[in-house]
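*Asks:* Before we start, here is the structure in question, set down as structure tokens.
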Amino acid sequence: MLFVVFALSFAAMTLIATICKAATKEFGLNDFQTTVICVTVFPVTFALFSVPMAWLAERFNRRWIITLSLALWGAGSIGAGFAQDFWQFTAARVVVAIALAGVTPAAHCIVSGYFRPGARDRAMGAFGLGMPIGGVAGALLSAWAAQDGGSWRLACMAAGAAGIAAAFLFRAV
């Protein structure tokens with residue numbers, strides 16, 4: 001399940017980075033605003049929140065942290081699909097970055113709690129496979145969104161719906 005969570009989170013990162021230009025073009029943003037949304041906001045927010053999220057993961061219920069992170073990420077992705085301007089899209093990117101910053105530290109804590117030191121390498125390897133598989137899934141969704149008749153908004157909403165569904169599934173499993 002952690003593999004699925006990581007794959008979905010990486011698909012979301014790939015998707016938003018790829019469709020970002022289409023969104024900013026639709027909003028009629030200048031180069032500075034496009035750079036802020038597409039290049040700066042996500043990594044800076046993710047970096048700022050990674051350490052506090054790791055602190056939370058060490059002290060509180062990791063399953064709930066991942067569940068809430070997935071739900072928040074889903075809501076932020078859906079919000080990006082409904083964004084009408086620079087500020088709304090930026091706010092959605094911030095929400096997604098904060099949410100995704102909570103997934104990896106909590107997942108690492110879960111793996112270290114379930115697997116003995118000699119088996120953690122394989123568990124982390126399986127978890128890490130989510131990155132390339134999620135990247136490919138995000139790229140495919142992005143390619144669909146970029147083609148004629150595709151919609152970057154619908155792609156954001158689909159990714160968000162997958163995040164919310166994953167939150168329920170993760171909590172159930």
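The values are calculated or read from the model by the stated rules, or taken from the named source; none is laboratory data. Computed from a predicted model, the values in this text were never measured in an experiment. Please note: Cβ atoms are built from the backbone with ideal geometry, for glycine as well, and neighbour counts cover all protein chains shown.
*Asks:* Grab the helices (runs of 4 or more DSSP H) fully contained in the stretch 1-82, keeping just those with 2 or more residues being at pLDDT 90 or above. Explain how you work it out, then say what you get.
*Replies:* Numbers: elements: 2-27, 31-35, 41-59, 62-82.
The helices (runs of 4 or more DSSP H) meeting that bar are 41-59, 62-82.
*Asks:* Output the residues belonging to the stretch 95-117 that are surrounded by fewer than 22 Cβ atoms within 10 Å (Cβ to Cβ) and either charged (D, E, K, R) or within 16 Å of M157 (Cα to Cα) (or both).
*Replies:* Selection gives V95, R116.
*Asks:* So how many residues does the stretch 141-169 have that are over 20 Å from V95 (Cα atoms) and either at pLDDT 85 or above or not in a helix (DSSP H, G or I) (or both)?
*Replies:* Within the stretch 141-169, residues that are over 20 Å from V95 (Cα atoms) and either at pLDDT 85 or above or not in a helix (DSSP H, G or I) (or both) number 6.
*Asks:* I'm trying to understand the selection: among the residues of the stretch 61-104, which are touching a helix residue (DSSP H, G or I) at 6+ places or on another chain (Cβ under 6 Å), of a type in the set (K, R) and under 13 Å from V5 (Cβ atoms)?
*Replies:* R62
*Asks:* Would you be able to say whether some residue in the stretch 127-137 is at pLDDT 90 or above, over 18 Å from R63 (Cβ atoms), buried (at least 22 other Cβ atoms within 10 Å of the Cβ) and within 16 Å of the chain's Cα centre (by Cα)?
*Replies:* No, every residue in the stretch 127-137 fails to be at pLDDT 90 or above, over 18 Å from R63 (Cβ atoms), buried (at least 22 other Cβ atoms within 10 Å of the Cβ) and within 16 Å of the chain's Cα centre (by Cα).
*Asks:* Continuing with this model, one more query. Would you tally the residues in the stretch 37-70 being surrounded by fewer than 19 Cβ atoms within 10 Å (Cβ to Cβ), within 13 Å of the chain's Cα centre (by Cα) and closer than 18 Å to A167 by Cα?
*Replies:* The number of residues fulfilling the criteria is 1.
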